[in-house]
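Take a look at the structure below.
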Amino acid sequence: MTYHVTAHSVAEARLVRDDGDRQRFIAQLQTVAESLGWTCLAVCLLDTHYHLLVTISDTNLARGMQRLNGSYAQFFNLKYGRKGHLFGSRYYGGKVLSPGHLLMALRYIARNARDKGADPSRYPWSSYPGVIGTRPCWPFIAKATVLELFGSADVAVRLLREFIEEERRPEERGGGGGAKGGVRPRPP
């Protein structure tokens, strides 16, 4: 089962304050993913929240999220001499219900870099640049699995980039927007 997972900081506090914090979070995510057998399709880390797209073969999402958020919060609180909760509430883990929903979740997560005013193809704290080859790919990201969704190796990166980076198409406007509105992207 594939899940779109997100977690937000308490009261819009910063989850990360510098690149060392960001590196620590990504390393912790890699440790959790590898130890629990998760297949990570997408990640985007922002200052106050993050998004993951993960496929799990076991019912271990809650255990993994407790490990990820708990261990990162302990690190962060110790580093900055703070106490209390870092995450505002329990994570959200929504099941991906169809192939179209999967594609829209990939797109949504990659485009979150725009929240920071960044180009999704260059944002260093997203897995998307590694998948398309504009930055090194983190070793725990299932790059081949993502690219296979868009066809053969000779066209997959181009089609993925068009799908992620093009402006919203008319069929994506209205109707609730995004994957929740049941929007089906045109076939890659």
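Only the coordinates and a few stated rules stand behind these numbers; no lab work does. What you see is a predicted model, and the numbers here were worked out from it, not measured in a lab. Reconstructed Cβ throughout: ideal geometry from the backbone, glycine too, with neighbour counts over all protein chains shown.
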Dipole magnitude of the chain about its Cα centre (Cβ charges: Lys, Arg +1; Asp, Glu -1), debye to nearest 20:
420
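Contour minus end-to-end for residue 34 and residue 122, with contour as 0.36 nm per residue of separation and end-to-end as the Cα-Cα distance?
Between residue 34 and residue 122, full extension yields 29.1 nm more.
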Could you give the angle, 0 to 90 degrees to the nearest 10, between helix 19-36's Cα long axis and the longest principal axis of the Cα atoms of the chain?
80
Subtract the Cα-Cα distance of residue 60 and residue 144 from 0.36 nm times their separation in residues, and report this length gain in nm to one decimal.
27.9 nm
Report relative contact order for the chain in percent, whole number only (criteria: Cα-Cα under 8 Å, sequence separation at least 6).
25
Kindly express, to the nearest 10 degrees and within the range 0 to 90, the angle between helix 153-165's C-alpha long axis and the longest C-alpha principal axis of the chain.
70
Cβ-based charge dipole, region 2-165, positive-most Cα from 93, 159, 136:
93
Could you go through region 80-89 in sequence order and give the Karplus-derived ³J(HN,Hα) for each residue, using 6.51 cos²θ - 1.76 cosθ + 1.60 with θ = phi - 60°, rounded to whole Hz, and x for Gly and Pro?
9, x, 10, 10, x, 6, 9, 9, x, 7
Using r as the Cβ-Cβ distance of residue 162 and residue 6, and R0 as 25 Å, what FRET efficiency do you calculate, to the nearest 0.05?
0.50
